[in-house]
1. Leu114: crowded, with 16+ Cβ neighbours inside 10 Å, touching a Phe, Trp or Tyr at 6+ places or on another chain (Cβ under 7 Å) and within 28 Å of Ile279 (Cβ to Cβ), yes or no?
2. Out of curiosity, is Ile271 in contact (Cβ under 8 Å) with a residue 40 or more places away in the chain, over 30 Å from Tyr28 (Cα atoms) and assigned by TED's automatic domain parsing to the domain that holds Ile183?
3. Restricting to segment 118-149, name every residue that is modelled with pLDDT of 75 or more and crowded, with 16+ Cβ neighbours inside 10 Å.
4. Looking for something more than 17 Å from Asp205 (Cα to Cα), within 22 Å of the chain's Cα centre (by Cα) and modelled with pLDDT under 90 - is there at least one such residue anywhere in segment 157-164?
5. Please count how many residues of segment 227-248 are farther than 15 Å from Ile180 by Cα and either under 29 Å from the mean Cα position of the chain (by Cα) or of a type in the set (S, T, N, Q) (or both).
6. If you scan segment 249-281, which residues turn out to be of a type in the set (Lys, Arg) and farther than 22 Å from Ile179 by Cα?
7. Which members of segment 187-212 meet the condition of being assigned to a loop (DSSP other than H, G, I, E, B) and either of a type in the set (Asp, Glu) or in contact with an Asp or Glu (Cβ under 6 Å, 6 or more places away or on another chain) (or both)?
Amino acid sequence: MFNLVERRRTYYVFSSFLIVLGIAAMVYSLASTGTLLQVSIDFTGGTLLSLQFTEKVDEQEVRDFVEAFGADEVIVQELQAIEQTDSDAPAYPDGSRWSVRTNELSAAEVTQLLDEISAEVAPLDREATSTSQVSASVGDEVTTASFRAILAATALILGFIYFAFRKVPHGYRYAICAIIAMIHDILIIVSAISVLGLVLGWEVDALFLTALLTVVAYSVQDTIVVFDRIRENLPKRREESYELIVNRSVLETIHRSFATQLNAVFVMIAIVLFGGETIRQFVLILLIGLTSGTYSSIFIAVPLLVSWSKGELPIIRGDVNE
């Protein structure tokens, strides 16, 4: 039987490398931009303009005009041009749609900006152009609610697993290892968005927090499936060592974890390829998180049980034999 658990130190090193990489990216971001992560207008507050020109324009041309208008903290990003609903109308060229984020502008200032940029840079399609005002308090409220949800989920997980595994020797270890795996997934997602923020300009927004909460739920569910099989095998295979029972349980459930993962991956890849641009970043972050959730259930949570039982953890010492 293939011994998957015995390579646990390799899994720990690999996860540590990814997390340290993310921490390094956050430190660099803090030094260069003043924030650990690239945050969106949902958290900073301001004005968001989605400009659809009728012809191609340059990014620098848009940026220079908005800055000359007097706006601060200008962020300009190219968007995919909107498709014309009228089949007889010519399609908008690439480079004709831009997202502009600035400090908060009044309604009069936004109207003036649109009028002047349409006259001096390129004509705007006013029906396809949109503006919105975002308060920083919205992001704060969403963040607070997300942290409360994660804390509530942690408490419920601890309670549920402790109750379900109360007849298993050292049942509390299963709850703690599940929480560690969940924290691992959170750190992986934050590390991913920090690196992608520096490389691709990705920002943390409300949808990112939604993806984070989704991954937390998925990670715990996948971990409990493996733990439950360990609980079933313990009384059936008393003659085997704890490490062997754990390894057997992983191999018996790994096909289910991978099958569930692949089904989700196929759907998300289809959304990335054929879905709208507004949800593409959300789906990619979700894909990273779900992959991490499957990985942590098999290669972090379960090996931690074995490490704990063998007294390998530097802080927590356990019995060699369960």
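1. Here the answer is no, as Leu114 does not meet what is asked.
2. In short, no.
3. Ser118, Val121, Ala122, Leu124, Asp125, Ala128, Thr129, Thr131
4. yes
5. Summing the residues that are farther than 15 Å from Ile180 by Cα and either under 29 Å from the mean Cα position of the chain (by Cα) or of a type in the set (S, T, N, Q) (or both) in segment 227-248 gives 5.
6. The answer is Arg280, and nothing else.
7. Step one: of segment 187-212, the residues assigned to a loop (DSSP other than H, G, I, E, B) are 201-203, 205.
Matches in segment 187-212: Glu203, Asp205.
To keep it simple, each residue is scored yes or no on (1) of a type outside the set (Ser, Thr, Tyr); (2) over 29 Å from the mean Cα position of the chain (by Cα); (3) within 17 Å of Gly95 (Cα to Cα); (4) at pLDDT 90 or above.
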| residue | (1), (2), (3), (4) |
| --- | --- |
| Asp42 | yes, no, no, no |
| Thr47 | no, no, no, no |
| Leu51 | yes, no, yes, yes |
| Val57 | yes, yes, yes, yes |
| Gln60 | yes, yes, yes, no |
| Phe65 | yes, yes, yes, yes |
| Glu73 | yes, no, no, no |
| Gln77 | yes, no, yes, no |
| Ala81 | yes, no, yes, no |
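The values are calculated or read from the model by the stated rules, or taken from the named source; none is laboratory data. All values reported here derive from a predicted model rather than from experimental measurement. No Cβ is skipped: glycine too gets one built from the backbone with ideal geometry, and neighbour counts run over all protein chains shown.
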